[in-house]
Amino acid sequence: MKKEKILLIVGSPRKVASTSYSLGNYLLNGLKDHGMSVETIFLLPTVNSIEKRESMFNALDNADLIIMAFPLYVDQLPAPVVKTMELIAKRRQGKVTSSSQRFLAIVNCGFPESFQNRPAEEIVCQFAQQCGFTYLGTLAMGMGEAIHGRPLIEAGGMVRHVVKALDQSIEALTKGIKPPEEVFQLMSKQFIPRWLYIFMGNLGWKRRAGKERVSRQLYARPYESSIST
Ligand SMILES: Cc1cc2nc3c(=O)[nH]c(=O)nc-3n(C[C@H](O)[C@H](O)[C@H](O)COP(=O)(O)O)c2cc1C
């Protein structure tokens with residue numbers, strides 16, 4: 001029997017140190033354990049190299065399932081992801097109307113609420129449909145900085161909902177079906193109290209400012225215009 005080919009595209013500039021990679025790689029390892037052949041491409045070194053782009057296109061053409069994992073940047077997708085989507089769409093324009101290739105996205109954001117990802121989810125959905133992929137949905141998650149690029153097994157019990165959602169996704173994907181709606185809901189569930197996430201985030205910024213000796217400048221507004229109108 002033909003081995004299914006899975007391609008993971010990581011859109012975070014943090015590459016292996018990203019939450020996008022932690023999530024995508026967990027899914028990929030699960031699929032690999034079910035006998036699928038897997039490959040990972042990081043967009044940052046790929047998108048600006050003609051040679052690497054060509055090899056990405058080849059991998060994409062041969063993949064049965066494409067998983068694109070990326071962070072939310074300014075309510076949108078990071079520039080290398082947008083560029084890649086434009087390149088793929090241009091390449092497939094007029095050539096593919098529908099294909100058996102399946103497409104799943106994973107997005108994580110820094111705000112506590114997963115709904116911040118909605119505009120990005122809609123963009124990805126439109127992209128997948130225009131390119132003729134079978135769109136399986138977008139697993140969206142808030143509080144990405146609580147994971148901060150750690151492998152999920154190292155993130156402990158707080159990510160149990162995320163792990164469960166990914167395990168159920170693996171189960172569905174190995175059966176060749178779309179993960180059920182409950183999986184997307186489970187993925188988007190806040191996994192620590194909102195106040196704790198914000199408290200820890202503020203503490204992190206303050207510690208970092210102290211390390212850089214700029215604690216007194218945290219509220220500086222260097223670009224504020226001094227000219228009053
Ligand atoms: C330039 C930039 C813009 C960002 N914009 C948003 C945003 O609009 N909303 C949000 O919730 N998080 C935002 N974030 C936070 C990231 O989405 C968050 O840190 C995420 O966990 C990073 O995932 P990664 O490790 O996969 O790169 C932004 C981060 C950066 C660096």
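The values are calculated or read from the model by the stated rules, or taken from the named source; none is laboratory data. Note that the structure is predicted; figures quoted are calculated from it, not measured. Using ideal geometry, Cβ is built from the backbone for each residue, glycine included, and neighbour counts are taken over all protein chains shown.
Of note:
- Test result for Ile66, of a type in the set (Val, Ile, Thr), within 21 Å of Glu39 (Cα to Cα), crowded, with 20+ Cβ neighbours inside 10 Å and within 15 Å of the ligand (Cβ to nearest atom): no
- Residue count for the stretch 142-179, restricted to those that are surrounded by 21 or more Cβ atoms within 10 Å (Cβ to Cβ) and more than 30 Å from Arg91 (Cα to Cα): 9
- For the stretch 144-187, residues that are on the phi > 0 side of the Ramachandran plot and either of a type in the set (A, V, I, L, M, F, W, C) or in contact (Cβ under 8 Å) with a residue 60 or more places away in the chain (or both) total 2.
- Selection of the stretch 13-57 for residues being aliphatic (A, V, I, L, M), within 16 Å of the ligand (Cβ to nearest atom) and free of Cβ contacts under 8 Å to residues at least 40 places away in the same chain yields Leu28, Ile41, Leu44.
- Qualifying residue in the stretch 89-98 (condition: of a type in the set (A, V, I, L, M, F, W, C) and in contact with a Pro (Cβ under 8 Å, 6 or more places away or on another chain)): no
- Filter result for Ile50 (among the hydrophobic types (A, V, I, L, M, F, W, C) and buried (at least 19 other Cβ atoms within 10 Å of the Cβ)): no
- So Ala165, is it hydrophobic (A, V, I, L, M, F, W, C), within 16 Å of the ligand (Cβ to nearest atom), modelled with pLDDT of 95 or more and closer than 18 Å to Asn25 by Cβ: no
- Within the stretch 2-32, if we keep just the residues that are in contact with a strand residue (DSSP E or B) (Cβ under 8 Å, 6 or more places away or on another chain) and among the hydroxyl-bearing types (Ser, Thr, Tyr), the residue that is nearest to Arg53 (Cα to Cα) turns out to be Ser12.
- Residue within the stretch 3-12 that is more than 9 Å from the ligand (Cβ to nearest atom), under 13 Å from the mean Cα position of the chain (by Cα) and not acidic (Asp, Glu) present: yes
- Only one of Val96, Val82, Val74 that is under 17 Å from Phe57 (Cα atoms), within 14 Å of the ligand (Cβ to nearest atom) and without any contact (Cβ under 8 Å) to a residue 40 or more places away in the chain: Val82
- The residue pairs whose first member lies in the stretch 99-124 and is crowded, with 23+ Cβ neighbours inside 10 Å and at pLDDT 95 or above, whose second member is small (Gly, Ala, Ser) and assigned to a helix (DSSP H, G or I), and whose beta carbons are closer than 6 Å, counting only pairs six or more residues apart or on different chains, are Phe103/Ala128; Ile106/Gly24; Val107/Ala120; Asn108/Gly144.
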